[in-house]
1. Can you give me the number of residues within the stretch 37-60 that are part of a loop (DSSP other than H, G, I, E, B) and out of contact with any strand residue (DSSP E or B) (no Cβ under 6 Å at 6 or more places or on another chain)?
2. May I ask you to say which residue of Lys128, Lys118 is under 18 Å from Leu176 (Cβ atoms), of a type in the set (D, E, K, R) and touching a helix residue (DSSP H, G or I) at 6+ places or on another chain (Cβ under 7 Å)?
3. Just to be sure, is Asn34 touching a Ser or Thr at 6+ places or on another chain (Cβ under 7 Å) and either polar (S, T, N, Q) or modelled with pLDDT of 80 or more (or both)?
4. Which one is surrounded by the most Cβ atoms within 10 Å (Cβ to Cβ) among residues in the stretch 152-173 that are at pLDDT 85 or above and out of contact with any Lys or Arg (no Cβ under 7 Å at 6 or more places or on another chain)?
5. Looking only at the stretch 65-81, how many residues end up being out of contact with any strand residue (DSSP E or B) (no Cβ under 7 Å at 6 or more places or on another chain), surrounded by 13 or more Cβ atoms within 10 Å (Cβ to Cβ) and either touching a residue at least 12 places away in the same chain (Cβ under 8 Å) or not in a loop (DSSP other than H, G, I, E, B) (or both)?
6. Restricting to the stretch 82-126, count the residues that are in contact with a Phe, Trp or Tyr (Cβ under 8 Å, 6 or more places away or on another chain), crowded, with 24+ Cβ neighbours inside 10 Å and either in a loop (DSSP other than H, G, I, E, B) or of a type in the set (Val, Ile, Thr) (or both).
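The values are calculated or read from the model by the stated rules, or taken from the named source; none is laboratory data. Model, not experiment: these values are computed from the prediction. Don't worry about glycine lacking a Cβ; one is built from the backbone with ideal geometry, like all the others, and counts go over all protein chains shown.
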Amino acid sequence: MHFQTFAITLAAASAVQAGVLPRQSACSSYTIINTRGTGELQGQSSGFRTMNSNIQQQVPGGKVYNTVYPADFSQISTVGTNDIVRKIQSTLATNPSECFILEGYSQGAAATTNALPKLTGTSFDAVKGVFLIGNPEHRSGLACNVDTNGGTTTKNVNGLSATLGRIPEEWVSKTLDVCNFVSLSLVQWTT
């Protein structure tokens, strides 16, 4: 399996164009690390269930790991960030050829964003792609920023917590940070 094929599958399943993702080495086994959003119960994020099922049907050799953390309304996702890093490092210690795809929804996207600077060397190499939806740390101007149609209408938009974290430069080519921005000028107020 080539990462480009995986990225195209991922993009098709999620209605995002994957032309910005690079071609990487083949992976015979991969783990999707799924990090859910605020208020979602432990398990897969509802935002990724169908996509992950489609990916696993189309690309053999995969499994889903659900990040273990509270995902509560405190918005403190440090436990999730640490669990992502721990899972990658412990898996690579026993299976150095494992590949990873990281996904995060909302608070889970922030936890994933905050894990990226901690994933260096072989951990960085093992992660073949990062897919974020509703990232509160969405940072304006990055090449990985796309809207829900794969376009650039949200390229220069900041998330609510953009000053708290950022996708490191070396991760931009591996990442799609999907933002669905709604301007208050587009909202029709009724009384």
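1. 8
2. Numbers: Lys118 fails: under 18 Å from Leu176 (Cβ atoms).
Just one listed residue meets the conditions, Lys128.
3. On the way: touching a Ser or Thr at 6+ places or on another chain (Cβ under 7 Å): yes; either polar (S, T, N, Q) or modelled with pLDDT of 80 or more (or both): yes.
The answer is yes for Asn34.
4. Of all residues in the stretch 152-173, those at pLDDT 85 or above come to 167-173.
Of the ones still in play, those that are also out of contact with any Lys or Arg (no Cβ under 7 Å at 6 or more places or on another chain) are 168-173.
Values: Pro168: 14, Glu169: 9, Glu170: 11, Trp171: 20, Val172: 17, Ser173: 12.
Checked the stretch 152-173; the qualifying residue surrounded by the most Cβ atoms within 10 Å (Cβ to Cβ) is Trp171.
5. Selection size over the stretch 65-81: 7.
6. 2
Residue-by-condition table, conditions (1) buried (at least 18 other Cβ atoms within 10 Å of the Cβ); (2) closer than 24 Å to Asp147 by Cβ; (3) modelled with pLDDT under 85:
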residue	(1), (2), (3)
Ala12	no, yes, yes
Gln42	no, no, no
Gly47	yes, yes, no
Lys63	no, no, no
